[in-house]
Amino acid sequence: MPGLPANYFRLKIIFVSRERACPGPARLNSFVQHVRAGEHPTPMKILQPKDWPPPKGYANGIAARGTLVFVAGQIGWNGKTGQFETDDFVEQLRQALVNVLAVLSEAGAKPEHIARFTWYVTDKREYIARLADAGRVYRHVIGKHFPAMALVEVKALVEDRAKIEIEATAVIPD
């Protein structure tokens, strides 16, 4: 195609299921310092229009090259047992994030490779009311890495006890 680099369509795509679990999350401690210095710990470019205020807790956009990893919606149940251990929103968030990282690790991806999240919540008022706690849990599990993100309130999720479901897309650098 005219105007596109020769290797534009050369992507290796990995689809990973949520059926296999792995050890806990890795952390990215210096992300904010790298971004402030104009660096990024992975070959991703944060897309931030110059005349927009910076968002809090996410990026407006990410550009990256490498192997794409798509993670199906993960909910707040124990990935090994398929059972919920709590009905608390923040604890389900923590478990859903741990589940996302477990699936990502099957492809060799780490939290800093996440380019996009989509979060589905059943109660946006609960999300907003618990935002400080959710932020602490997010930073504990994912670290200070803030990809592009969307949050959508839904009427219900397929699993009746689920309060949150998280999809992720990651890019493992070439």
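Based on other C-beta atoms within 10 Å, arrange R161, R130, R116 from fewest to most.
R161, R130, R116
Please list, ordered by chain and number, the residues whose modelled amide H lies under 5 Å from the amide H of G61; skip anything fewer than 5 residues away on the same chain.
Under 5 Å from the amide H of G61 lie the amide H atoms of L47, each far enough along the sequence or on another chain.
For region 75-121, just list the percent of Cα-Cα distances falling in each 10 Å bin from zero outward, please.
Cα pair-distance distribution for region 75-121, in percent: 26, 52, 22, 0.
What are the ³J(HN,Hα) values, in whole Hz, obtained from phi via the Karplus relation 6.51 cos²θ - 1.76 cosθ + 1.60 with θ = phi - 60°, for each residue of region 80-88 in sequence order, with x given for Gly and Pro?
7, 9, x, 10, 6, 9, 7, 10, 6
Rule-based calculations on the coordinates, nothing more; no lab input. Everything quoted here is computed from the prediction, not taken from an experiment. Cβ coordinates were reconstructed from backbone atoms using ideal geometry, including for glycine residues, and neighbour counts include every protein chain displayed.
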